[in-house]
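To keep things clear, I will list the structure first and then write my remarks on it.
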Amino acid sequence: MTAIAEPRPRGVILGLSEGAVAKLITGLTILAVWEVGCRLFAPAYVARPIGILLAIPDTVSSAKFLDAAWSTLWAVVRGLVLALVLGTAVGLAMGRKPVVERALRYYVNGLYAMPMVAVLPLVTLWFGYTNAARMATIVFAAFFAIAINAADGARAVPPEYIEVARSFRARGINIWLGIAVPASLPYLLAGVRLAAGRALIGCIVAEFFISLEGLGFYILFNSRTFHHNEALVAVLVLAAFGVGVEMLINWVTRRFLPWYRRGEGGE
Amino acid sequence: MRQSLSRVAVPALSLLAGAVIWEIVGRNTSPAFMVPFSATVAKLAELVRNGEFMAALAQSLGLFVSGFSIAVVTAVPLGVLFARVRLLRIGLESYVTMLYATPMAALIPFILSLFGFDFGAKVLVVFLFAFFPILYNTVEGARSVRPELIEVARSFRSSEWGIWRDVLIPHTLPFALTGLRQGIGRGLVGMVTAEFFLAASGIGRLIIVSERDFDTAGVLASVLLITLLGVLLMSIGRALENRYAAWRGLDR
């Protein structure tokens, strides 16, 4: 077990870096174990990698699937944007004004800690079994994560920056837009990342609960009718969306906030 | 003096205002939509008195603790192992990230048809919700362990156990605790979701049954209870995290 102890030179195998080869091999191993395990031990309807692969062309070209995917992802994006606007406003106010923070602290922290799917029955009482209920769940799931992170960010603004700005007679608006907002951006992005995951869960669970058209319901329907391969294609789309948000945020951080280095590992 | 007064008075006033607004809104809308704060509290007291809440709480907590503890005892050692075996980490890291970003709620229909809807299946849901945040964060910690530290330990003929005890575990623990806190939040979501969609039980069942009966006071009282549970568990997680957070900056 000297894998770490030796400072090994970066190996290159067949033009691929050592890391890429390791990733490829583990990925193929996982898929192979899944495929063989299912063939040996599971009933025929259980999803297997080859079955999923074969199901992809028909599934992604069917209008039903495309409508469902569009409906879910568009709702999540709209809900996230709404939560981002509201959450940033509330969060920045909480971070900069102690009175606001004290007034809202218990509400924001309490509702953040509450498992958001628990409000679904309440939301359906208020909005009925409609798209609006799903949207409300998404916004509710995403809002508090963003507000809390925006508040943390606003609090983390180094006081010296503000002092310097004041000494140069900067106006309030310039202090806000020029210092408080940029300085809290990394926190805000971390909040968006958290919120995106929560929004996705909220959306899917809402679709299960309300039986609304969307990927969640598509998965529910197809798994009940033993079309597990098709249902797993929908799971892959959701996973891709989750990973996509993750990558987008990493890219934005690297591209626009190069001064922000927290959390970068020592590779 | 004025400062400390506002520290207590503002939150108290704000909570009072919330209760008053809730009361006024509740009195002026149909009871199918909203009931006053006082009615919710009365319902809460009633459910506590007849023992329904305690039973539901015990059932839900049993489910949560089972799934969550399995997630902890599997994810944390696995994450620390990633710190030790570099190739394993490089090979699996991106798949862990992928599964971390996948909404586990989407897997519930599969769990339902493969494993049924009894206690074991529900524990699996809680486990899946909690496992990946814990593993993901522990791996993040594993990445922060510098190879030189292990080299130095080896040069001084440290035993394998010594390396784990003095280098790997102290370095990954703060990250693992961040994962634990996230895992508590997600595990609670998993708990409620499992109680909604698999065999109805615990607080989830209480909420669903109240909603079907248009017993809005019951829904609100149960949601209030689950919020309190969430706050309690999250603050335990946060306290643990802060307790060991100081280690994070260690020699970096």
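The values are calculated or read from the model by the stated rules, or taken from the named source; none is laboratory data. Keep in mind it's a predicted model, so treat the numbers as computed, not measured. All Cβ positions, glycine included, derive from the backbone under ideal geometry; neighbour counts span all protein chains shown.
Within the range B:120-127, is even one residue over 30 Å from A:Tyr45 (Cα atoms) and surrounded by 20 or more Cβ atoms within 10 Å (Cβ to Cβ)? Before the answer, list the steps.
Residues of the range B:120-127 over 30 Å from A:Tyr45 (Cα atoms): none.
No, the range B:120-127 has no match at all.
Surrounded by 14 or more Cβ atoms within 10 Å (Cβ to Cβ), under 25 Å from the mean Cα position of the chain (by Cα), in contact (Cβ under 8 Å) with a residue 40 or more places away in the chain and more than 13 Å from every other protein chain (Cβ to nearest Cβ): does that describe B:Ser60? Write out each step before concluding.
Values: surrounded by 14 or more Cβ atoms within 10 Å (Cβ to Cβ): yes; under 25 Å from the mean Cα position of the chain (by Cα): yes; in contact (Cβ under 8 Å) with a residue 40 or more places away in the chain: yes; more than 13 Å from every other protein chain (Cβ to nearest Cβ): no.
So B:Ser60 fails the test.
Would you mind telling me which numbered condition in (1) without any contact (Cβ under 8 Å) to a residue 40 or more places away in the chain; (2) within 13 Å of chain B (Cβ to nearest Cβ); (3) touching a Lys or Arg at 6+ places or on another chain (Cβ under 8 Å) A:Glu207 fails?
The one condition A:Glu207 does not meet is (1).
For the range B:103-110, check the following and say yes or no: at least one residue is part of a loop (DSSP other than H, G, I, E, B), buried (at least 24 other Cβ atoms within 10 Å of the Cβ), of a type outside the set (Asp, Glu) and out of contact with any strand residue (DSSP E or B) (no Cβ under 6 Å at 6 or more places or on another chain).
yes
Here's a check for you: in the range B:31-54, which residue that is exposed (fewer than 15 other Cβ atoms within 10 Å of the Cβ) and of a type in the set (Gly, Ala, Ser) is nearest to the other protein chains (Cβ to nearest Cβ)?
Step by step, filter the range B:31-54, then rank; the result is B:Ala32.
Tally time: how many residues in the range B:193-225 are closer than 29 Å to B:Gly116 by Cβ, touching a Ser or Thr at 6+ places or on another chain (Cβ under 8 Å) and either facing chain A (nearest Cβ under 9 Å) or among the small types (Gly, Ala, Ser) (or both)?
So the count comes out to 10.
Counting just the residues of the range A:61-75 that are surrounded by 13 or more Cβ atoms within 10 Å (Cβ to Cβ) and aliphatic (A, V, I, L, M), which one comes out nearest to A:Val243 (Cα to Cα)?
Once the filter is applied, the top-ranked residue is A:Leu73.
Based on this model, can you work out whether A:Leu194 counts as touching a residue at least 40 places away in the same chain (Cβ under 8 Å) and outside any helix (DSSP H, G or I)?
no
Restricting attention to the range B:13-29, does a residue exist that is within 11 Å of another protein chain (Cβ to nearest Cβ) and at pLDDT below 85?
yes
Among the residues of the range A:52-66, which ones are of a type outside the set (S, T, N, Q) and under 15 Å from A:His228 (Cβ atoms)?
Just the residues of the range A:52-66 that are of a type outside the set (S, T, N, Q), to begin with: A:52-58, A:60, A:63-66.
Within the range A:52-66, A:Ile52, A:Leu53, A:Leu54, A:Ala55, A:Ile56, A:Asp58, A:Phe65 meet the criteria.
Select from the range B:199-213 the residues that are in contact with a helix residue (DSSP H, G or I) (Cβ under 8 Å, 6 or more places away or on another chain) and either surrounded by fewer than 18 Cβ atoms within 10 Å (Cβ to Cβ) or aromatic (Phe, Trp, Tyr) (or both) and list them in ascending order. Lay out the reasoning, then the answer.
Of the residues in the range B:199-213, the ones in contact with a helix residue (DSSP H, G or I) (Cβ under 8 Å, 6 or more places away or on another chain) are B:199-211.
Result: B:Ala199, B:Ala200, B:Arg205, B:Val209.
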